[in-house]
Each structure stands twice: as C-alpha cells, then as structure tokens.
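Working notes, beginning with the structure itself.
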Amino acid sequence: MSQFSDVSFDGLYGAAIMDHFRNPRHRAPLGDADIAAHEFNPFCGDEVTLRAQLDADGRVFRVSSQSQGCSIIQASASMMAEGMEGKSAAELAELSRLFRELMQGNDLPAAALAQLKDLAALQVVRRYPVRIKCALLPWMALEEGLAELGRAGGAG
Ligand code: ZN
C-alpha cells in the first residue's frame, strides 16, 4: 500500500492528516463489540470496519477502526477512533453531528472545534468537495453502529 497521499494539504492541518494516515491509531482488530458497522464506498474503493466496546457506564473503552482506501478516509477513521475513547453513545452522536457540520462548511465556535481536536484538521478536505464523502464514511459507520445499539436496547 502506498504511503503517499493522493491529495496534498499544507500547514498544521495537513501535517495532522498525514500523521494519522501514516500512523493510523486503533487499527488492531477487536472481537466482541457493542458498536459494530462496516461501510464501503465504491466511488473510490474506501472501506471501513468499526468496532467498539463499551464499559459498564456505557462509555467506549476499546475501539478498532480499520480502513482501506485513500488518505482521507484513513486519516478520518484514525482521528475518529481517537475521538471516540471515553465517550458515551450520546456524546458520540454529538461528536458526529459536530463533524458533519464542519464538513458541510459551517464555521464552528472555538469550543466546538476544541471538542473535535485533531478532527478539526479535516476541514481542509472541503477544498475537494467530491472527497468529503471519504471523510464522512467512518462517521456513517459510527452512526449505523449507534443506531443498532439503540435498537438493541442500549448498554443497560
Ligand atoms: Zn476516498
């Protein structure tokens, strides 16, 4: 697999994206999972498998985010996994909402950007509108996983 990004971003945001692309976090597989989903985008071959375990308080304590495809989905999947740690289902839904707002071109207040941490870097993807889908694919998996968790009656 190539270690070179197919798009180039400069500055701090670009550096954060390349760091997550080259050294993706939370790629180890995970067996049992409370949140599990898989998404595939035939447009560019992007693929993501998300699995997460919740603790007794319903917070993420272990997450596995395995992605394949372009640099953007791999960076987004890695950053999302990091951002998921310690969060409850409601907090994950809020994080996902904020990230979608950012990718839709809305300027978020400083407090919201602080909540997104490294994920804020992905706003540079807005320069490549057709690639926004790549950044959102892991989040579709998260939202699907959360919806199924809800249907299953929640974590207790
Ligand atoms: Zn892609």
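The values are calculated or read from the model by the stated rules, or taken from the named source; none is laboratory data. A quick note: this is a predicted structure, and the numbers were derived from the prediction, not measured. Every residue, glycine among them, receives a Cβ derived from its backbone with ideal geometry; neighbour counts consider all protein chains shown.
Figures for the structure shown
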{"quantity": "Complete set of residues in region 66-112 that are touching an Asp or Glu at 6+ places or on another chain (Cβ under 9 Å) and of a type in the set (S, T, Y)", "calculated": "S67, S71, S78, S88, S96"}
{"quantity": "Residue in region 55-62 that is touching an Asp or Glu at 6+ places or on another chain (Cβ under 9 Å) and surrounded by 22 or more Cβ atoms within 10 Å (Cβ to Cβ) present", "calculated": "no"}
{"quantity": "Odd one out for L12 among (1) surrounded by fewer than 16 Cβ atoms within 10 Å (Cβ to Cβ); (2) modelled with pLDDT of 95 or more; (3) in a helix (DSSP H, G or I)", "calculated": "(2)"}
{"quantity": "Enumeration of residues in region 63-77 that are within 16 Å of the ligand (Cβ to nearest atom) and crowded, with 17+ Cβ neighbours inside 10 Å", "calculated": "S65, Q66, S67, G69, C70, S71, I72, I73, Q74, A75, S76, A77"}
{"quantity": "Selection status of S96, within 14 Å of A52 (Cα to Cα) and in a helix (DSSP H, G or I)", "calculated": "no"}
{"quantity": "Looking only at region 37-46, and only at residues there that are at pLDDT 95 or above and surrounded by fewer than 18 Cβ atoms within 10 Å (Cβ to Cβ), the one that is farthest from the ligand (Cβ to nearest atom)", "calculated": "H38"}
{"quantity": "Given (1) at pLDDT below 95; (2) part of a loop (DSSP other than H, G, I, E, B), index of the condition A112 fails", "calculated": "(2)"}
{"quantity": "Hits in region 41-65 - residues which are free of Cβ contacts under 8 Å to residues at least 60 places away in the same chain and among the aromatic types (F, W, Y)", "calculated": "F61"}
{"quantity": "Within region 127-146, tally of residues that are more than 16 Å from the chain's Cα centre (by Cα) and either farther than 24 Å from E47 by Cα or in a helix (DSSP H, G or I) (or both)", "calculated": "3"}
{"quantity": "Which listed residue is of a type in the set (G, A, S) and closer than 21 Å to R126 by Cα, from A75, A28", "calculated": "A75"}
